[in-house]
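Read-outs: derived from the displayed coordinates by stated rules, not from any lab. Quick caveat: nothing in here was measured; it's all calculated off a predicted structure. Glycine gets a Cβ as well: all are built from the backbone with ideal geometry, and neighbour counts include every protein chain shown.
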Amino acid sequence: MKHTENSLLADIREVNLSYLLLAQRMLRDDYASAMFRLGFSDQVADILLRLSPAQLVKLASSSSLLCRFRFDDYSLLSALTHDVLGGALQQAHATILLAKQPVEQLA
């Protein structure tokens with residue numbers, strides 16, 4: 001049981017680090033688009049962008065997932081999984097629904 005738990009924690013840390021590195025890269029490449037895609041407020045995006053590699057690794061070492069599953073309501077999941085007009089409106093509908101979600105804020 002201990003080995004499984006350690007493996008799970010290692011996987012969570014790996015996902016966290018990958019997510020943080022991807023988020024930083026997205027923010028550097030296109031700040032506004034990345035904020036929208038990640039669901040970040042300006043304050044969260046600015047902090048994440050300024051983190052050093054050592055700070056990223058430390059933050060990634062959390063035992064909790066840092067990323068959030070944004071498709072947590074029925075209408076959004078339905079928009080992404082049901083074929084609407086041969087898929088032509090599916091992506092646009094999902095984007096509109098994501099845009100309606102509030103951005104993450106610092107507490």
Once R0 is set to 35 Å, what does the formula 1/(1 + (r/R0)^6) return for the Cβ-Cβ distance between L59 and K2, expressed as a FRET efficiency to the nearest 0.05? 0.90
How do the peptides 3-12, 55-64 rank, highest first, by the average count of neighbouring beta carbon atoms within 10 Å per residue? 55-64, 3-12
